[in-house]
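Undergrad: Pasting in a structure now, in structure tokens, and then I'll have a few things to ask.
The values are calculated or read from the model by the stated rules, or taken from the named source; none is laboratory data. The structure displayed is predicted, hence computed values, not measured ones. Methodologically, a virtual Cβ is constructed for each residue, glycine included, from the backbone with ideal geometry; neighbour enumeration extends over all protein chains shown. For accessibility, only protein heavy atoms count, side chains too; no ligands or nucleic acids. Shrake-Rupley method; radii C 1.70, N 1.55, O 1.52, S 1.80 Å.
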Amino acid sequence: MSGDLASAAGIERPPWPVRRLFPLLATVVMAAVGMAGTIWGPRYYGKTAWALPDDLWGTLIAAQRLAHLNLAGLYTSPTQLVSLPGTAIILVPAIVVIDVTGLRLGLPSAHGAYPAVWLFAGPYQVAISAVTLFAADAIAERLGASRPKRFWLAAAGATALWNVTVRWGHPEDAVATGLLLYAVLALAESRTSRSAWLAGAAVAVQPLVLLAFPILAAVVERRRLAGYLARAAAPAALLLAAAAAANWTATVHAVTSQPNSPAIDHPTLWISLYPHMSGGQVAAGPARILAIAAACGCGLLVARRWRAARPARTNGRPGPEALEELLWWIAVTLALRSVFEPVMVAYYLWPPLAVALVAAARDWSRLVPTGCVAVVLTFFSQVQWRNPWSWWTPMVIGLALALYFARIRTGEPGAGAAPQVLPEPGEQLAADGAP
């Protein structure tokens with residue numbers, strides 16, 4: 001829409017690579033530094049084996065089985081897949097190249113300390129994970145953030161993204177968060193159907209974004225809400241149904257129990273409240289239901305505020321504070337996962353940090369401290385402490401600080417009054433950005 005308005009006004013928009021220069025540079029740098037760090041970094045610690053993200057290999061095996069139409073093996077050992085099938089789908093293009101080139105795919109220990117497949121799989125997972133950097137830049141452009149602010153956003157965002165991709169090998173979290181951000185941008189442009197499909201694709205890749213759905217539902221026009229939710233539910237429902245039809249027992253067990261190991265990862269204060277499974281694992285599924293319930297409470301608060309603010313418009317155009325507040329509440333709901341998890345992993349912290357950075361992109365006084373907290377948490381979270389008080393507690397405090405810095409403060413333009421709602425279909429927005 002904004003591109004059409006720019007054309008109508010006789011303004012020639014820069015080429016896409018120029019407009020998205022900062023996320024492009026951030027992606028290239030992150031891939032180069034990440035590969036160098038995994039291949040040559042261990043030498044500084046007296047090791048020779050590459051420092052590879054262990055979790056990625058099981059997902060690659062799941063993607064290979066999916067590419068070979070072996071749906072029954074999607075949730076069986078050694079894939080360790082507990083997310084929805086979209087997690088494997090996004091890696092299928094990599095598997096096609098791996099199969100064509102004749103590279104051997106397996107767990108790193110099975111093929112030595114230097115698996116050649118990493119030379120392709122590493123840059124590929126960084127490239128698809130960068131969708132969240134491009135989505136963040138598109139929203140920052142729409143908010144009217146200056147190019148220096150967008151540079152800082154890309155730099156801080158890429159640094160934090162290292163935790164998800166290079167360190168832990170979970171590109172599905174980044175892809176899902178990026179699709180969610182694009183869904184928010186589409187909603188802000190009155191493209192309700194497009195927003196629903198993007199949000200549905202995000203859920204199909206990683207259902208953690210379900211925590212944001214109560215906030216999205218709060219700002220969608222009521223008469224369109226049923227259709228929005230139906231479209232958003234369709235991709236995940238179809239993929240899950242196909243996997244369950246192929247292997248019901250393995251699919252249901254993996255998706256509903258969501259096992260995690262406190263011996264490997266970080267136990268939290270809630271660990272004694274949730275079911276313990278064989279092998280010392282804990283079922284994280286019930287905790288995530290609790291987080292969704294808390295997110296629904298946030299959605300009710302936002303719905304009351306948004307509906308009450310409906311008359312507050314200027315020529316039918318909402319100010320950027322409406323989009324910022326929507327993003328901030330989404331960051332809050334995504335943070336609820338870390339609050340209620342019985343067992344935490346460092347990369348769980350990333351999604352709310354990524355969205356909080358975007359919410360703060362318009363103002364240096366919010367963007368800089370939020371970015372600093374995100375970077376500090378990214379690296380501090382890698383410590384191996386197992387005590388909940390020494391690891392989980394400072395992590396949650398850090399998330400709270402990031403959200404505190406990212407919020408619209410009292411006294412800023414538009415912060416004192418109730419936020420203006422997102423536009424109804426057909427309404428125009430200022431031409432200050434585009435996806």
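Undergrad: Along the charge dipole of the chain, which of A154, P214, I128 sits closest to the positive end, that is, farthest toward it, with unit charges on the beta carbon of Lys, Arg, Asp and Glu (+1, +1, -1, -1)?
TA: P214
Undergrad: Only four residue types carry charge here, +1 at the Cβ of Lys and Arg and -1 at the Cβ of Asp and Glu. Report the dipole size of the range 143-268 about the Cα centre in Debye, rounded to the nearest 20.
TA: The calculated dipole for the range 143-268 is roughly 560 debye.
Undergrad: Relative to the longest principal axis of the C-alpha atoms of the chain, give the angle of the C-alpha long axis of helix 171-188, reported between 0 and 90° and rounded to the nearest 10°.
TA: Here the helix axis deviates by roughly 10 degrees.
Undergrad: I would also like to ask the following. Springs between alpha-carbon pairs under 10 angstrom, Gaussian network model over the chain: which of P14, P369, P286 fluctuates most?
TA: P14
Undergrad: Counting each DSSP H run of 4 or more residues in the chain as -39500 (n - 2.57), what helix-only mean residue ellipticity at 222 nm follows after dividing by all residues, to the nearest 500 deg cm²/dmol? Write out the running numbers ahead of the final one.
TA: Values: 19 runs with 259 residues, N = 435.
After summing the helix terms and dividing by the residues of the chain, the value is -19000 deg cm²/dmol.
Undergrad: Now for a separate question. So, with a 1.4 angstrom probe, what is the percent of accessible area on the chain that is carbon and sulfur? Could you put the intermediate results ahead of the total?
TA: On the way: 11960 of 17740 Å².
It is 67 percent, rounded to a whole number.
Undergrad: State whether the range 324-382 is rounded, prolate or oblate according to the following rule on the C-alpha gyration tensor (a ≥ b ≥ c being the square roots of its eigenvalues): a/c under 1.5 gives rounded; otherwise a/b larger than b/c gives prolate, and the remaining case gives oblate.
TA: It comes out oblate by the Cα gyration axes.
Undergrad: Round to the nearest 10 and report in Å² the accessible area of E321, as given by a 1.4 Å probe over the protein chains' heavy atoms.
TA: Roll a 1.4 Å probe over it and E321 shows about 30 Å².
Undergrad: Can you tell me the convex hull volume per residue for the range 35-121, based on C-alpha atoms, in Å³ to the nearest whole number?
TA: Working: hull volume 8.3 nm³, N = 87.
It is 95 Å³ per residue.
Undergrad: Going from most exposed to least, what order do R386, R43 have by accessible area with a 1.4 Å probe?
TA: Per-residue accessible area, sorted high to low, gives R43, R386.
Undergrad: Still on this structure, I have one more. Could you give the size of the charge dipole of the chain about its Cα centre, using +1 on the Cβ of each K and R and -1 on the Cβ of each D and E, expressed in debye and rounded to the nearest 20?
TA: Working: 31 positive and 21 negative charges, 94 e Å.
The dipole magnitude comes to about 460 debye.
Undergrad: Of T378, P14, P42, which is farthest along the charge dipole of the chain in the positive direction, counting Lys and Arg as +1 and Asp and Glu as -1 at C-beta?
TA: Working it through, the farthest residue towards the positive pole turns out to be P14.
Undergrad: Mind listing the long-range amide H neighbours of M344? Cut-off is under 5 Å, sequence gap 5 or more, other chains count too, H placed in the peptide plane at 1.01 Å from N.
TA: Here the answer is H266, T268, since their amide H atoms fall under 5 Å of that of M344.
Undergrad: Now for a different question. Using the Cα gyration tensor of the range 140-199, with a ≥ b ≥ c the square roots of its eigenvalues, what is the shape: rounded (a/c below 1.5), prolate (a/b larger than b/c) or oblate (neither)?
TA: oblate
Undergrad: What is the angle, in °, between the Cα long axis of helix 54-67 and the longest principal axis of the Cα atoms in the chain? Nearest 10 is fine, range 0 to 90.
TA: 90
Undergrad: Please report how far the C-alpha centroid of the range 131-181 lies from that of the range 12-67, rounded to the nearest whole angstrom.
TA: Value for the Cα centre distance between the two parts: 14 Å.
Undergrad: P(r) for the range 201-266, please, calculated from all Cα pair distances in 5 Å bins and given in %.
TA: In order of increasing distance, the bins hold 3, 14, 18, 20, 17, 12, 9, 4, 1, 0 percent.
Undergrad: Please state the charge dipole magnitude for the range 315-393, taken about the Cα centre, from unit charges on C-beta atoms (+1 on K and R, -1 on D and E), reported in debye and rounded to the nearest 20. Intermediate results must be reported in sequence, preceding the final value.
TA: Details: 5 positive and 5 negative charges, 28 e Å.
For the range 315-393, the charge dipole is close to 140 debye.
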